[in-house]
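Okay, so here's the structure we're looking at.
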Amino acid sequence: MPEQQQLTEVVEAEGHLIDSHIMEMIFDTVVEYDGRFEVERFHIGKTNSEPSHLRLKVSAPTPAQLDKMLSQLLMLGCAPVEGGDAEWFRIERDRCAPPEFYSTTNHRTMVRRDGQWHEVRRQRMDALIVWKDGGAYCVRLRDIRAGDLVVSGMRGIRVIPESKERDRLSFAFMSNGISSERQVETAVRQTANLIRHCRENGQKVVVVAGPVVVHTGGVAPLSALIRDGWIGAILAGNALGVHDAEAAMIGTSLGIRMSDGRQDEHGHRNHMRAINAIYHAGSIAAAVEQGVLTQGVLFECVKNKVPFVLAGSLRDDGPLPDTITDMNAAQDAYAEQIQGAGLVLMLGSMLHSIATGNMLPSWVKTVCVDINPAVATKLSDRGTGQAHGVVTDVGLFLEMLRRFLSEN
């Protein structure tokens, strides 16, 4: 019986292919789709900054298998050598893309137009690539408008996976999953090094925080980090704002006295009293200006001109007048604040952390701090491959972080 005719394509990949295990994943993907590969050329980087280069001829028995194989190889950074320009489709109706539209990953992406490669801006996962104002941008499906030019299919696309860094800023101990067995002090010190690195490179450190920051006594150290200029933005839900205000004005969190951990008489009402006081002032900023709110995380944000976003949910009390209850508007506000971020600290807020992680490009590091190791695992499972987990009490983490960052 004659051997089945194979369909072939030549692809190239570049980067830290060996120490990031990308090359073995490329080979495994070809085999997974009943394909074959032949290495035509391989150059290994000779220094820790020089990338390696791979040129590979791949083949598969059917066009469907070859297309599926190439789509998977694209996510690993393999681009067809003779791919040509991307296919552009003119949108006819708002929010209606062609069936074969290209859906982005969170990895750095290039698109080819008129024979030139262009880096796609505002990179995020689950978006379309739109050509506008002389460049390529990631745009959400809901923001696509009639007349937009979007990429259809996978030709003319080059994805650059985030390689394992050879200079890991002493953070490599976190690169193998999440464990409660690691030394917390080591994790915090290395997080402090990452924060210093961000400042030196002009990048923001963004904090995603849940109300556990208040419950665990993390308000004071987080406030100090804001005052000292380490934090570029705070992203949270209504609950953080409410409990932060309650603790600042009444000294309780969910009716529990911060001083001794005992239930305050009629303390279950305290969070509503705090919301009411902010409404009387008009806003959180107005409460600060009027002397109603004199301490706390949001007080420091107002005083130090650090932007904050409070995103609402179905279960919110109040909510506070500053809370954005339109989910699309809240997502837009989150997405705006993470621009220019080099590090995102996720502190005890699973849902807001996952939401933020899905908006981030893969080169932005995240450190997820929670007493429950499942939170960091879920964040990673939802697509945030750069998530590093620290299993510990959020308040203790923040106090230790403040102390390390205050060292000369």
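Mind giving me the FRET efficiency for residue 220 and residue 103? R0 is 51 Å, r the Cβ-Cβ distance, nearest 0.05 is fine.
It comes to 0.70.
Fewest to most neighbouring Cβ within 10 Å: what's the order for 33, 137?
137, 33
For residue 258, enumerate residues with amide H under 5 Å from its amide H, sequence gap 5+ or separate chain, H modeled in the peptide plane.
Amide H neighbours of residue 258: 252, 253.
Need the list of lysines near residue 305 for cross-linking: C-alpha distance under 28 angstrom, and skip anything on the same chain fewer than eight residues off.
The qualifying lysines are 204, 365.
Which whole-angstrom value gives the distance between the alpha carbon centres of region 321-362 and region 207-261?
First find each Cα centre; the distance between them is then 18 Å.
Of the peptides 212-224, 321-333, how do they stack up when ordered by the mean number of other Cβ atoms within 10 Å, highest first?
212-224, 321-333
With the dipole of the chain worked out from charges on the C-beta (+1 for Lys and Arg, -1 for Asp and Glu) around the Cα centre, which of 188, 39, 368 lies farthest toward the positive end?
188
Amide H of residue 52 versus every other amide H placed in the peptide plane: which residues, excluding those fewer than 5 positions away on the same chain, fall under 5 Å?
15, 16, 17, 45
Under 14 Å from the Cβ of residue 299, count the other residues' Cβ atoms, weight Lys and Arg +1, Asp and Glu -1, and hand me the total.
So the environment of residue 299 carries a net charge of -2.
Explain nothing, just compute: Karplus ³J(HN,Hα) = 6.51 cos²θ - 1.76 cosθ + 1.60, θ = phi - 60°, for every residue of region 299-310 in order, whole Hz, x for Gly and Pro.
4, 5, 4, 5, 5, 9, 6, 9, x, 9, 10, 10
Between residue 62 and residue 227, how many nm apart are label points set 7 Å from Cα along the C-beta direction?
Those two pseudo-labels are separated by 6.8 nm.
Let me know the charge dipole size of the chain about its Cα centre in debye, to the nearest 20, where only the beta-carbon of Lys, Arg (+1) and Asp, Glu (-1) is charged.
Details: 42 positive and 50 negative charges, 129 e Å.
The dipole magnitude comes to about 620 debye.
Would you mind telling me the antiparallel percentage of the DSSP bridges in the chain, rounded to 5? Each step should come with its number before you reach the end.
Numbers: 42 of 68 bridges.
Counting only bridges with both partners in the chain, antiparallel ones make up about 60 percent.
What are the lysines whose alpha-carbon lies under 25 Å from the alpha-carbon of residue 68, with same-chain residues fewer than 8 places away excluded?
In chain and number order, the partners are 57.
Take the alpha-carbon centre of region 72-146, take the same for region 41-62, and report the distance between them in whole Å.
So the two Cα centres are separated by 24 Å.
Checking the a/c ratio against 1.5 first, then a/b against b/c, what shape does the Cα gyration tensor give for region 176-314?
Cα axes put region 176-314 in the oblate bin.
Any idea which of 345, 234, 282 is furthest toward the positive side of the dipole for region 172-406, if Lys and Arg beta-carbons carry +1 and Asp and Glu beta-carbons -1?
345
Treating cross-link reach as a plain straight distance, find the lysines whose alpha-carbon is under 23 Å from the alpha-carbon of residue 46, omitting any fewer than eight places away in the same chain.
164
No value in this document is a laboratory result; all are computed from the given coordinates. This is a predicted model, so every value here is computed, not measured. So basically every Cβ, Gly included, is an ideal-geometry build from the backbone, and we count neighbours across all protein chains shown.
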